[in-house]
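Nothing in this text is a laboratory measurement; each read-out follows from the coordinates by a stated rule. Quantities reported herein were computed from a predicted structural model and do not represent experimental measurements. All Cβ positions, even for glycine, are placed from backbone atoms using ideal geometry, and neighbour counts span all protein chains on display.
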Amino acid sequence: MSSIAQKKGFGATIWDYLTTVDHKKIAILYLISGGFFFIVGGIEAMLIRIQLAQPDNDFISAGFYNQILTMHGTTMIFLAAMPLLFAFMNAVVPLQIGARDVAFPFLNSLGFWMFFFGGIFLNLSWFMGGAPDAGWTSYASLSLASPGHGIDFYALGLQISGGGTLIAGINFLVTIINMRAPGMTYMRMPLFTWSTFVASALILFAFPPLTVGLFFMIFDRMFGANFFDHTMGGNTIIWEHLFWIFGHPEVYILILPAFGIFSEIFATFSRKRLFGYSAMVFATVLIGFLGFMVWVHHMFTVGMGPTANAIFAVATMAIAVPTGVKIFNWLLTMWGGSIKFTTAMLYAVGFIPTFVAGGVTGIMQAAAPLDYQLHDSYFIVAHFHYVIVGGVVLGLLAGLHFYWPLMFNTMLNETLGKLTFWLFFIGFHLTFFIQHFLGLLGMPRRVFTYGANQGWDLYNAISSFGAIFMAIGVAILVANIFMTISKNQAVGNDPWGDGRTLEWAIPQPVPFYNFKQTPLVRGLDTFWIEKQEGNKEGMLYAEPISDIHMPNNSIIPFVMSFGLFVGAFGALFNGEKSWAIPVLILGLIITFIAMGTRSLKDDLGYHIHKEDLMDTKGGKH
Amino acid sequence: MDLNTKYTPQSWPQHSENATLEGKNKFVGFWLFLGGETVLFASLFATYLALKNKGPSGMEFTTQELYELPLVFIMTMLLLTSSLTSVYAMYHMKNYNFKSMQAWLMVTVLLGAAFLGFEIYEFNHYVHLGFTYSQSAFSSAFFTLVGTHGLHVVIGLGWIILLMLRNSKRGLNLYNAPKFYLAALYWHFIDVVWVFIFTVVYLMGVIG
Amino acid sequence: MMKGIKKWRLFSLLTALMVFLSGCGEEHLSTLTPAGQVGREQFNLMLLSTGIMVLVIVVVLIVYILAIVKFRRSKVGEDVIPTQVEGNHTLELIWTIIPIILLLILTVPTVVSTFNLADVSGMDQKDEDGNATSVTVNVKANLYWWEFEYPDLGIVTAQELVVPTKEKVYFNLKAADVKHSFWIPAAGGKMDTNVDNLNTFYLDFDNPSKDLKEGVFYGKCAELCGPSHALMDFKVKSLDRADFNAWVESVKASAEAQTPETDLAQQGQEIFNTSCIACHAVSGAGSTGGVGPNLATFGDRNRVAGYLEYSEENIKKWINNPEEYKPGNLMPQPEKINNGKKFSDQELSALTEYLMGLSVEK
């Protein structure tokens, strides 16, 4: 896509991407694979809505429906939303803080490939005897009872990709702590960097419980352990706790970066500084913190007693306060500004009422006795789609349009973009608003069909009808992307004209070493400050031009992840096939040899010399 | 960073683990990683406490009958001592005394290996009593918690040995100093986790 | 004159109520038409929280619409650089404190109600004779059917929950195989049936269910439990205390009463006794223990297999191919219990005749 890539042969380009440690290219890898899984998850969603369009439908069989609903949820959360967010974090955060790259470029690549192989492994279940069918929550009694290998694919696949996520989380934390440009104090960091920081901290502390839970599941199903088998003294509620101790922060891991993207967009297209910046930062940190104290609200009906339920109900309601602060700050950012309705801004503007609606139903569910009615009904389905589609997916689509010129130096078509927005937005509300009422009318979630004359027929038909709009919207978006790529019309520096933060100060196409000289940051919205003061050079710089140290590309992350992928098949077939244990060991050996190579062979990187940077080609050979 | 730069104890930086950006990044990143590891062990501890002494009806194994404190006490002493010797190693690294550092790391490795030997003996002993991994929820939780710690010991030993071998010829520099430092940090973490295992699993199991 | 107005007002109130209720789904299934105190308490909490939330939404929307109408660039002017406002402490305080107050208003009834609904102390109360003063039901959730045991009354049913009105009915909930969740939307919120432990809660019903469309409420399984999770409905019938007592007596007597009346039914009983009786009991007296659902009240059911319309034809279809109608259920295919072949039409007619005669209400 970049001009460098086109000069190379196809094979060389592939090799380049397999071995790259450049955050900008890894961002593209995340974008492509996340986008692919988003389409896959979307197709699964459409199958669900076709099946439920009318009562007593037999388009999909009962067992297959459970596989689809499980894979829809798992794919969308772990393989679409998170990687797409990582795409933007990778593409934007290092530029936004004026860093050369992330702190650990090698680990960045490793994180991506682990996610990738984990996702592929999980989806191979479709072709190897059936996908997981116990829901994305995979509650222990059902998942232990589930025949076939579906749940094994779930546990192993998520374990591998979860490892990648953890690595990425640590990487962004260190990057933001250690590699900010001079002058970029914590309270001058753009909101997207802040939300990436908090989300990464959540990843660091939320994923280990999932890792532990998944290991228990793997050991129980494949290696004879008894964590969840109540006849052997085990306890299935342990899984529920571990899953939700991870699962609740996970939704904040998703939504906080989306909040960050929206904050950047509101400020940029209102031509106005973010209202109440410090309150926004504080609210972000507070939401992250409270995110760990509320997991039991997913378990109000498990029977933990009124004391636990009451405490967690109140704690959950408390989250509404910082979230409300954010909503009002966004509104006041627009207030008195000069709002330009680009596609990205449309998504941001559409996000506010949608997310408020999703937020208030969250408060309703926080009222424990009311949740006894709402829990596991279609009301819940409506609620979490309002926050995850209305918050995260709108954020991702907004980010896609907003950051596309930064990543590719081209601009997505605005007319098609707005068309996509309206189709998606209207379709979304048609599909999900009505589902609140389905829940209130007594429809449980995760049902593969429903009888006629229970008062649900019309509402379900409307819901399925709305889904068509969303599908058309996404199809137009895909077409838009291909058209933009084939046109390849360069847009140049500061493409939106109103860029405020450091990433818009970089020349386009972005040099592979990022800023030639590390910029000096003089305040929040540092690029805006320079522009207002008429700085022709774009930025002030903190250092003279000097040699730049760059990391070497490496295939080792790919090989390490591939080893885990191979080993996972061994674990999966343990006790069933004679080759299982050898394959498990083989996979681990591949990984360990790759790791050993990494630690024994010094990799000191290379330098781009000052002279090369000074000439016009800017260090390109 | 140049691997060939020669240092003297005088020119060697006070905080060699932190002297380069790479070193700083590793330092912060590793501390964060240990934060994640803490949550991981916390989850394992919580599960163990929930499943302690739980098994199929009529199970005869209990913590009181199973554990033998003298053995575990020796293991604890070995690991605590190894933590101390790794501190000595780091002290010598600070003074740019490579040989003494290697020697103390060697002692650390030997103590760690002895610990591991006792642990293997202990596990083997339990299995022979019939307390196998699949015997009950209690056994699964016990072996997973203590075994995960054991796995950390193995990784820590492997790491330190690899570092010692790889750098035996070329001595200390600012590229490998952070690595030695972090390996030692990891070893302390393992030690701290063991203190909790000793208290929560063994002491509270036998006495509490 | 005054009387007329009063009548008129009553009438309009009723009309409004009707319009409202018609948007509330089916009365036997909807949480919006609570059938008892528990459901009503939850419904009221919903009204309160919805009210507060609508207030919030309205405020947000007003600011929002004003902002995007007044400050669009086409109105403001292309080259205007707006004042770069940092923030406003008074505003920040306002939109922190007011939500806190609103939430406190919601918190109080939430906490009170949480404790109220968990109060099952009345469960073990006995009168002077040592009989339980209230009805307790042991619910056992199975793949994919429900067993209701009344331990104090010495009876057991399957798929049919019968409860007295105007008193608290207590439930002990447990799952036999995988986790399910016990939910009667019209009566109140759900409670999970775990495999590991017993859960307890209560529900209550104001009126007998006979005035409802089908004469009964319906309950659902709310936790994904396998392929046929969607097909796990059960029937809930509320009766006046006197009717309930009579029903209990007739279930107790069902062991003797279940004698087939026709020859066909007689024949059906013989088939039943060779092929089905290993799993299915036909007496409602006693306690739990059946592998399959207790069929003592089969003739009183409203549905076959939990979800099919109650008809001879459906019973036959179900018996001869349970896997097709309820994937993943544990009832053996006829080949397994009938010497390797399906039941013949004649056998099916006999079985159906016999089964439909198993009734305590007729």
#### Entry: Solution diffusion estimate, µm²/s, Stokes-Einstein, segment C:209-334, Kirkwood Rh from C-alpha pairs, 25 °C, viscosity 0.890 mPa s
151 µm²/s
### Relative exposure of B:HIS92, A:HIS298, judged by other C-beta atoms within 10 Å (fewest first)
B:HIS92, A:HIS298
### Summary
Mean separation of Cα contacts under 8 Å (at least 6 apart) over the residue count of chain C, i.e. the relative contact order in percent, is 16 percent
#### Entry: Likely footprinting exposure, C:ASP196, A:ASP56, A:ASP133, fewest C-beta neighbours within 10 Å first
A:ASP56, C:ASP196, A:ASP133
#### Entry: Rounded to the nearest 20 debye, dipole of chain C from Cβ charges on Lys, Arg, Asp, Glu
1540 debye
### Task
Treating the Cα atoms of chain A as identical point scatterers in vacuum, please give the log10 of the normalised Debye intensity I(q)/I(0) at q = 0.07, 0.08, 0.13 Å⁻¹, two decimals.
-0.43, -0.57, -1.54
### Query
Points 7 angstrom from Cα along the Cβ direction at C:GLU309 and B:VAL107: gap in nanometres?
8.8 nm
## Note on the structure
hull vol. (C-alpha, convex hull) per residue for segment C:34-189, Å³ -> 199 Å³
#### Entry: Cβ-Cβ FRET estimate between B:ALA50 and C:ALA278, R0 fixed at 35 Å, reported to 0.05
0.35
### Task
Choose one of A:ILE545, A:MET411, B:SER100: the residue whose Cα lies farthest towards the positive end of the charge dipole of the protein assembly as shown (beta-carbon charges +1 Lys, Arg; -1 Asp, Glu; about the Cα centre).
A:ILE545
### For residues of B:168-174, the mean tally of beta carbons on other chains within 10 Å
0
### Task
Work out from phi, with θ = phi - 60° and the Karplus expression 6.51 cos²θ - 1.76 cosθ + 1.60, the ³J(HN,Hα) of each residue of segment A:537-552, listed in order in whole Hz, and give x for Gly and Pro.
6, x, 9, 8, 10, 8, 8, x, 5, 8, 4, 10, 8, 10, x, 7
### Message
Whole percent per 10 Å bin, from 0 to the bin with the longest distance: what is P(r) over all C-alpha pairs of segment A:282-321?
### Response
31, 49, 18, 2
### Query
Once both labels are modelled 7 Å past Cα along the beta-carbon direction, what's the B:ASN124-A:TYR606 spacing in nm?
5.2 nm
### Message
Counting each pair of different Cα atoms once, what's the Kirkwood radius of segment A:388-547 in Å, rounded to one decimal?
### Response
19.2 Å
#### Entry: D (Stokes-Einstein, µm²/s), Kirkwood Cα radius, segment C:72-127, 0.890 mPa s at 25 °C
147 µm²/s
### Query
Which value in Å is the Kirkwood Rh of the protein assembly as shown over different Cα pairs?
32.9 Å
### Summary
Non-local residues with an amide H under 5 Å from the amide H of C:VAL135, with H modelled 1.01 Å from N and Pro and chain starts lacking one, are C:TYR170
### Summary
Which of A:LYS487/C:LYS75; A:LYS326/A:LYS516; C:LYS220/C:LYS317; C:LYS126/C:LYS168; C:LYS190/C:LYS316; C:LYS174/C:LYS235 exceed 25 Å between C-alpha atoms? The answer is A:LYS487/C:LYS75; A:LYS326/A:LYS516; C:LYS190/C:LYS316
## Note on the structure
Once A:LYS8 and A:PHE36 are pulled to full extension, the length gained, defined as 0.36 nm per residue separation minus their Cα-Cα distance, is 7.6 nm
### Query
So what's the gap between the Cα centers of segment A:472-515 and segment A:408-466, to the nearest angstrom?
31 Å
### Query
Remind me, relative contact order of segment A:139-295 in percent, using alpha carbon pairs under 8 angstrom and six or more residues apart?
30 percent
### Task
Pop out the ³J(HN,Hα) list for segment A:239-256 in order, Karplus 6.51 cos²θ - 1.76 cosθ + 1.60 with θ = phi - 60°, rounded to Hz; leave Gly and Pro as x.
4, 4, 5, 4, 4, 7, 4, 6, x, 6, x, 3, 5, 6, 4, 6, 7, 4
### Summary
The Cα extents of segment B:1-114 along the principal axes, largest first and rounded to whole Å, are 68, 29, 18
### Task
Pull out a ≥ b ≥ c, the square roots of the eigenvalues of the alpha-carbon gyration tensor of chain B, then state rounded if a/c is under 1.5, prolate if not and a/b is larger than b/c, and oblate in the remaining case.
prolate
### Query
Over segment A:261-372, one equal point on each Cα, no solvent: what is log10 I(q)/I(0) by the Debye formula at q = 0.19 Å⁻¹?
-0.93
### Query
Amide H to amide H under 5 Å from C:VAL163: which residues, 5+ apart in sequence or cross-chain, H placed 1.01 Å off N in plane?
C:LYS237, C:SER238, C:LEU239
#### Entry: Where only C-alpha atoms are counted, convex hull volume of segment A:1-100 per residue in Å³
133 Å³
### Message
Need one number: convex hull volume per residue for segment A:155-253, Cα atoms only, in Å³.
### Response
90 Å³
### Message
Which residue, A:VAL93, A:TRP126, A:ALA80, has the largest displacement toward the positive end of the dipole of segment A:19-153 when charges sit on each Cβ (Lys, Arg +1; Asp, Glu -1)?
### Response
A:VAL93
### Task
Return the aspartates and glutamates within reach of B:LYS6: Cα separation strictly under 12 angstrom, same-chain partners fewer than 8 residues apart disregarded; answer none if there are no such residues.
none
### Message
Return the Rg/Rh ratio of segment A:127-207 with Cα-based radii and a Kirkwood Rh.
### Response
1.22
### Query
Given the Cα-Cα distance of B:MET204 and B:MET77 and 0.36 nm per residue of separation, how much length would full extension add, in nm?
43.9 nm
### Task
For segment A:113-118, take each phi angle, set θ = phi - 60°, evaluate the Karplus expression 6.51 cos²θ - 1.76 cosθ + 1.60, and give the result in whole Hz per residue in order, putting x for glycine and proline.
5, 5, 4, 4, 5, x
### Query
Counting other C-beta atoms within 10 Å, which of C:ASP204, A:ASP602 has the fewest, and how do the rest follow?
A:ASP602, C:ASP204
### Query
Rounded, prolate or oblate: which fits segment C:43-104, taking a ≥ b ≥ c as square roots of the Cα gyration tensor eigenvalues, rounded meaning a/c under 1.5, else prolate when a/b beats b/c?
oblate
### Task
Could you rank the peptides C:94-101, A:35-42 by their average count of other C-beta atoms within 10 Å per residue, with the highest value first?
A:35-42, C:94-101
### Query
What is segment C:106-162 by shape, rounded, prolate or oblate, if you read a ≥ b ≥ c off the alpha carbon gyration tensor as root eigenvalues and call it rounded for a/c under 1.5, prolate for a/b larger than b/c, and oblate otherwise?
oblate
### Query
Along the charge dipole of chain C, which of C:SER30, C:GLN258, C:THR133 sits closest to the positive end, that is, farthest toward it, with unit charges on the beta carbon of Lys, Arg, Asp and Glu (+1, +1, -1, -1)?
C:SER30
### Message
Using a 10 Å cut-off around each Cβ of peptide A:201-214, what is the average number of partner chain Cβ atoms that fall inside?
### Response
4
### Query
What ranking do A:79-86, A:68-75 get when scored by the average of other Cβ atoms within 10 Å per residue, highest first?
A:79-86, A:68-75
### Query
Hey, can you rank B:33-42, C:82-91 by average C-beta count inside 10 Å, highest first?
B:33-42, C:82-91
### Query
If you put +1 on each Lys and Arg Cβ and -1 on each Asp and Glu Cβ, how big is the dipole of the protein assembly as shown around its Cα centre, in Debye rounded to 20?
4260 debye
### Query
With contacts defined as alpha carbon pairs under 8 Å and 6 or more residues apart, what's the relative contact order of chain B in percent?
36 percent
### Query
If you place +1 on the Cβ of every Lys and Arg, -1 on the Cβ of every Asp and Glu, and leave all else neutral, what size is the dipole of segment A:469-556 about its Cα centre, to the nearest 20 Debye?
240 debye
### Summary
proj_area_mean for chain C (convex hull on C-alpha atoms), units nm², value 30.7 nm²
#### Entry: Separation of alpha-carbon centers, segment A:268-290 and segment A:531-602, rounded to whole Å
34 Å
### Query
Based on the Cβ-Cβ distance of A:GLU543 and C:ILE81, what FRET efficiency does E = 1/(1 + (r/R0)^6) give at R0 = 25 Å, to the nearest 0.05?
0.20
### Message
Quick query: amide H of C:LYS190 versus all other amide H atoms, modeled in the peptide plane; which residues come in under 5 Å with a sequence gap of 5 or more or a different chain?
### Response
A:GLN373
